[in-house]
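Novice: Have a look at this one.
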């Protein structure tokens, strides 16, 4: 059986996520290891499912329904907008913290896609409430407040 190049990405992701979980379990307190273990476990399961899909796929196809000759080519310049959104989110998380950055990011991203204000506000508010309830109230994780808020308060 020949392994596709796309399966190697799933294998590397499996190794990295397993390493993240094992390393996180060495932390002495529950709070620092909870989020990396949770994210690493979910990532490990998703990468495992993708690897199984890649290995079960017939050798004639490049993707689920796309022959190798007809596979679309995506130039690197088409990836820059997504990279800019991600870099902006990372910068906002560092400067403003989670509870400010996440709703602003979701609201602006959905609005930029032309979906309208009502769906953008509903999704941003729902996600903010979900993050607050799950991480702050239930798991009692101290989310990053942001550099600006730490300097001001």
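What follows draws every value from the coordinates through simple rules; no lab data is involved. Fair warning: this is a prediction, and the values are worked out from it, not measured in the lab. Don't worry about glycine lacking a Cβ; one is built from the backbone with ideal geometry, like all the others, and counts go over all protein chains shown.
Novice: If a residue must be part of a helix (DSSP H, G or I) and closer than 24 Å to residue 140 by Cβ, how many such residues does the range 23-55 contain?
Specialist: Of all residues in the range 23-55, those part of a helix (DSSP H, G or I) come to 23-24, 30-55.
Imposing the further condition that a residue be closer than 24 Å to residue 140 by Cβ reduces the set to 23-24, 30-43.
Of the residues in that region, 16 qualify.
Novice: Separate question: Hey, could you check the range 128-145 for residues that are without any contact (Cβ under 8 Å) to a residue 12 or more places away in the chain and loosely packed, with under 11 Cβ neighbours inside 10 Å and say which is farthest from residue 30 (Cα to Cα)?
Specialist: Among them, the one singled out is 137.
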